[in-house]
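One structure is given below, encoded as structure tokens.
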Amino acid sequence: MAVLGIDFGGSGIKGALIDVEKGQLLGERLRLPTPEGGKPQEVAQVMKQLAEHFQWHGLVGCGFPAVVLHGVVQSAANIDSSWVGMDANTLFRNQLDAEVHTVNDADAAGVAEMRFGVGRELPRGVVVMLTVGTGIGSALFVDGHLVPNTEFGHLIVDGKDAERRASDAARKRKQLSWEEWAKRFQRYLDVLNALIWPDVIIIGGGISKEPERFLPYLKSRAKIIPAQLQNQAGMIGAAMFALESAQQ
Ligand code: BGC
């Protein structure tokens, strides 16, 4: 079964046709730049361009960088504040003339990683996937079941929102060396570990392309493993979510 999986990120909006049973891309992905400011109409327009590129009118899944409850956006840490309260499913459906299901981007990536990536090998227990990119997204799994919209990227660490200090965007913005960034991320992991005591922490997002750069600096009681699906996880998971929602 093919579904168009879209991942709305801070710098790019990526799309690809996904084979949902295999958890694989059916061809090349297309990445278009995220419109400056990430406003709803403009983002919807880019989504439409993606659907047109793939000549797609079937089911669409969209990984979205905020809390999403039943298609309605609830927060806006890295996107325009006019998204809050907006029914993204309806906005995208009208624009694309296709059935669209929207889900938190980290939850989407986590679901894909658990089913088709490193998560396949893991025993039962508590697993948290962190997507480290423009923000820090989180997906919490208890015995393989997702607890949606956890938002652990916004834990307050030393009086500050964690993702402001420890995301990959913060590393680039502050021109930190990997070691300097890892110190900040270590502090974040210590707080997270002390609060939820996971068995495993999977590190995904843009940063997971180069795990050897930072893993040697990190220490954690919970086992830390880099994600396998890297930047494809969001698109694959969004497609999986759309199929599951459409079948309900
Ligand atoms: C948002 C999350 C999102 C994460 C990664 C955070 O700022 O609050 O909902 O998953 O960024 O995009």
Exercise. Calculate how many DSSP beta bridges within the chain are antiparallel, expressed in % of all such bridges and rounded to the nearest 5.
Key: 60 percent
Practice problem: Return the calculated 222 nm mean residue ellipticity for the chain, to the nearest 500 deg cm²/dmol, obtained by summing -39500 (n - 2.57) across DSSP H runs with n ≥ 4 and dividing by the residue count. | Solution: -10000 deg cm²/dmol
Exercise. With +1 on each Lys and Arg Cβ and -1 on each Asp and Glu Cβ, and nothing else charged, work out how big the dipole of region 122-228 is about its Cα centre, in Debye to the nearest 20.
Key: 320 debye
Quiz item: So if we plug the beta-carbon distance of LEU32 and HIS145 into 1/(1 + (r/R0)^6) with R0 = 35 Å, what FRET efficiency do we get, rounded to 0.05?
Solution: 0.55
Quiz item: Loop-only check: which trypsin sites (Lys or Arg not before Pro) in region 1-95 are DSSP coil with at most 14 other Cβ within 10 angstrom?
Solution: LYS22
Practice problem: Count the net charge of all other residues whose Cβ sits under 13 Å from the Cβ of PHE92, scoring Lys and Arg as +1 and Asp and Glu as -1. | Solution: -2
Quiz item: What's the longest piece of the chain with no exposed GluC sites (Glu not before Pro), counting a site as exposed if DSSP puts it in a loop and it has at most 12 other beta carbons within 10 Å?
Solution: 37-248
Self-check item: Two-site label geometry, GLN24 and LYS39: point separation in nm, points 7 Å out along Cα→Cβ
Solution: 4.2 nm
Quiz prompt | Solvent exposure of region 122-228 as accessible area per residue, Å², 1.4 Å probe | solution = 49 Å²
Quiz item: How far is it, in nm, from the label point at GLN247 to the one at ARG213 when both lie 7 Å from their Cα along the line to the Cβ?
Solution: 3.8 nm
Quiz item: Hey, can you list the DSSP H helices of the chain whose Cα span along the axis is 24 Å or longer and whose average Kyte-Doolittle score is at least -0.5?
Solution: 178-196
Exercise. Name the residue farthest towards the positive end of the dipole of the chain from the options GLY15, MET114, HIS101, assuming +1 on Cβ of Lys and Arg, -1 on Cβ of Asp and Glu, about the Cα centre.
Key: MET114
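Calculate, for TRP197 and LYS174, the FRET efficiency according to 1/(1 + (r/R0)^6) with r their C-beta to C-beta distance and R0 25 Å; round to the nearest 0.05.
Using R0 = 25 Å, I get an efficiency of 0.25.
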Quiz item: Can you flag which of LYS48/LYS209; LYS160/LYS183; LYS174/LYS209; LYS14/LYS160 are past 23 Å Cα-Cα?
Solution: LYS48/LYS209; LYS14/LYS160
Quiz item: For region 122-228, what proportion of DSSP beta bridges, expressed in % and rounded to the nearest 5, is antiparallel?
Solution: 55 percent
Quiz prompt | Largest to smallest accessible area among THR134, THR34 [probe 1.4 Å] | solution = THR134, THR34
Quiz item: For region 99-179, which trypsin sites (Lys or Arg not before Pro) are both in a DSSP coil and crowded by at most 13 other Cβ atoms within 10 Å?
Solution: ARG124, LYS174
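The values are calculated or read from the model by the stated rules, or taken from the named source; none is laboratory data. Quantities reported herein were computed from a predicted structural model and do not represent experimental measurements. Cβ: placed from backbone, ideal geometry, glycine included. Neighbour counts: every protein chain shown. Protein only, heavy atoms only, side chains kept; ligands, DNA and RNA dropped before computing areas. Shrake-Rupley method; radii C 1.70, N 1.55, O 1.52, S 1.80 Å.
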